[in-house]
Amino acid sequence: MKVLRAEQIRKVDAITILQEPVESIDLMERASHKCVDWVVDHFGKSLSLKIFVGRGNNGGDGLAIARLLATSENDVVVFMLSPEEKLSPDCLTNYIRLKKENTVKISFLEEAVQLPEISNGDIVIDALFGYGLSRTLTGLAAGVVNHINQSGATVVSIDMPSGLFSEKNNYEDAIIHADFTLTFQFPKLSFFFAENEPFVGIWHILDIALLPLAIEKQLSIYSYVENIDILPHLKKRNTFSHKGIFGHALLLAGCYGKMGSAVLASKACLKSGVGLFTARIVSKGYDIMQTAVPEAMVSVDTSSEYLASLPELKGFSAIGIGPGIGTNDSAGLLTLQIIKNAKVPLVIDADGLNLISKNPQWIEELPQDTILTPHPIEFDRLAGASSNGFERHLKQIKFSKRHHVIVILKGAFTSITTPQGKCWFNSTGNPGMATAGSGDVLTGIVLSLLAQGYKPFQAATTAVFLHGLAGNLACRNCGEEALMASDIINYIGKAFLRLKNKI
């Protein structure tokens, strides 16, 4: 799914209106019906609704929603920021329709002192300003927003929380704090950054059937990864397949006291379909690995506590390094040797990334399309500190382009950036996955897919999606608080089945 800029969304709307064809007021009606369906499904009936509307098309949505929700069971009141002579054409049409129905009280707000009482049992529909907003709210509009935020009511924003910009941060200004945001057809870029969560709340995409051809014509560096983006690229297994077909992965991981990282990444790699797997580990970890992961072959380093020597690299189809290796000099030398000598796809995580951060000149040595899997703090060490998620995101794109690498920046909507400057946000995962070892599991999945012959970008997006999907399936069984990294591994198989629509 594409993530489009405001001007592109306007173009898609216009093409849909022209070529479907459909009147703009009827497209607004379609969107409003979707919102009403969601509200009724989520909250039921007999609702106390206060709907705040602006002068533009977002306000038109709010007026249509008010008309559709105005039944004998619901108590609906509308508050408008602008007098009728200042409304956009479609907003005015819906105002006239609502007024003609004569089932809803409409009040015009002219001064902050006239702001209505809102109880914490009310549902507030925020239809003040939409995705096209480009200026900070001031005056009466800011007063209304702050009044809603202080009310304690449940707030549902239509398309965008009023006051929030769709394409850049403005989180210090007057912005609605929505509990839910019902956005049309596409997620907005600002939804993907942690600092905007208090404004956006839980967001849902409502499909309003904009013309697919119009969407296809819009070029965007941003996409939102869903099942439909991953399924066509899954490799099929033939009847006469054998383990030699599905690659041989090498993982360099673990040190004395951190063998858990090696075990988790190894299990995840094997669970994700690799044909053959070898773990390069310290000698003190031999019994642990052979016992915990009997499917793994083991290459034992001469060192007992830290990886120190480069194994023979011939015969492997992908290499992973970093989980739990430590950041001492021997681990650093080994990481540099891998970077310089790897002739197959490479994924670097955890301590491997921290070692590169300590030796930034190594970044220039990274093979093209190397996959790096940092969490935000690790990325800040690589690219410099950022004051917020949006700033970090811009650095991520720049870093991938400059160094010709793929960066998986882990988070609520894990983002994958490419050397071509494209960015994909992931749709799977949950807060329970913020737990020790979860990143090691992701590294194992990425390594497995690389070894099986997936192109680096496809390996990255597929691994991130499967990792989050497995986490979601595990979470349904044990809940967010109890979720552990090993639970994610146990559900990788079911994640593949769910992706293939077999369960």
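The values are calculated or read from the model by the stated rules, or taken from the named source; none is laboratory data. Here the structure is a predicted model, which is why all the values come from computation and not from measurement. Here the Cβ is made from the backbone with ideal geometry for all residues, glycine too, and neighbour counts use every protein chain on show. Remember, those area values only see protein heavy atoms, side chains included, never the ligands or the DNA or RNA. Shrake-Rupley method; radii C 1.70, N 1.55, O 1.52, S 1.80 Å.
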Within the bounds of the stretch 21-36, is there any residue that is in contact with a strand residue (DSSP E or B) (Cβ under 6 Å, 6 or more places away or on another chain), under 16 Å from Gln218 (Cα atoms) and in contact (Cβ under 8 Å) with a residue 60 or more places away in the chain?
no
From the residues in the stretch 92-151 that are of a type in the set (Asp, Glu) and touching a residue at least 40 places away in the same chain (Cβ under 8 Å), which one is farthest from Gly59 (Cα to Cα)?
Asp122
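Could we say that Ser266 is surrounded by fewer than 20 Cβ atoms within 10 Å (Cβ to Cβ), in contact (Cβ under 8 Å) with a residue 60 or more places away in the chain, closer than 17 Å to Leu346 by Cα and not hydrophobic (A, V, I, L, M, F, W, C) here?
The answer is no for Ser266.
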Quick check on Gly493: is it touching a Lys or Arg at 6+ places or on another chain (Cβ under 7 Å), part of a helix (DSSP H, G or I) and open to solvent by 30 Å² or more (accessible area, probe 1.4 Å)?
yes
Of the residues Thr443, Thr462, only one is surrounded by 21 or more Cβ atoms within 10 Å (Cβ to Cβ), in contact with an Asp or Glu (Cβ under 7 Å, 6 or more places away or on another chain) and part of a helix (DSSP H, G or I); which?
Thr443
Residue pairs meeting the criteria (Cβ under 7 Å; at least 6 apart or on separate chains; first farther than 7 Å from Leu334 by Cβ, in the stretch 306-317; second among the charged types (D, E, K, R) and not in a loop (DSSP other than H, G, I, E, B)):
Pro311/Arg280
Does any residue of the stretch 319-335 turn out to be out of contact with any Gly (no Cβ under 8 Å at 6 or more places or on another chain), more than 19 Å from Gly439 (Cβ to Cβ) and among the β-branched types (Val, Ile, Thr)?
no
Quick check on my filter: what residues within the stretch 144-168 are surrounded by 18 or more Cβ atoms within 10 Å (Cβ to Cβ) and in contact with a helix residue (DSSP H, G or I) (Cβ under 7 Å, 6 or more places away or on another chain)?
Val155, Val156, Ile158, Asp159, Pro161, Ser162, Gly163, Leu164, Phe165, Ser166
Is the stretch 106-119 home to any residue that is of a type in the set (Phe, Trp, Tyr), closer than 28 Å to His42 by Cβ and out of contact with any Cys (no Cβ under 6 Å at 6 or more places or on another chain)?
no
Quick check on my filter: what residues within the stretch 169-186 are under 26 Å from His33 (Cα atoms) and either open to solvent by 10 Å² or more (accessible area, probe 1.4 Å) or out of contact with any Cys (no Cβ under 9 Å at 6 or more places or on another chain) (or both)?
Ile175, Ile176, His177, Ala178, Asp179, Phe180, Thr181, Thr183, Phe184, Gln185, Phe186
Suppose the filter is in contact with a strand residue (DSSP E or B) (Cβ under 7 Å, 6 or more places away or on another chain) and more than 21 Å from Phe180 (Cβ to Cβ); does Val78 pass it?
no
Any residue that is surrounded by 21 or more Cβ atoms within 10 Å (Cβ to Cβ), touching a Pro at 6+ places or on another chain (Cβ under 6 Å) and either touching a residue at least 60 places away in the same chain (Cβ under 8 Å) or aliphatic (A, V, I, L, M) (or both) - is there at least one of those in the stretch 446-454?
yes
Residue in the stretch 155-165 that is more than 23 Å from Val78 (Cα to Cα) and part of a loop (DSSP other than H, G, I, E, B) present:
yes
One residue is enough: does the stretch 293-302 have a residue meeting the conditions without any contact (Cβ under 8 Å) to a residue 12 or more places away in the chain, at negative phi and not aromatic (Phe, Trp, Tyr)?
yes
Looking only at the stretch 193-212, count how many residues are within 22 Å of Ile125 (Cα to Cα), surrounded by 17 or more Cβ atoms within 10 Å (Cβ to Cβ) and not aromatic (Phe, Trp, Tyr).
6
Check the stretch 403-413 and report whether any residue there is in a helix (DSSP H, G or I), surrounded by 22 or more Cβ atoms within 10 Å (Cβ to Cβ) and either of a type in the set (D, E, K, R) or touching a helix residue (DSSP H, G or I) at 6+ places or on another chain (Cβ under 8 Å) (or both).
no
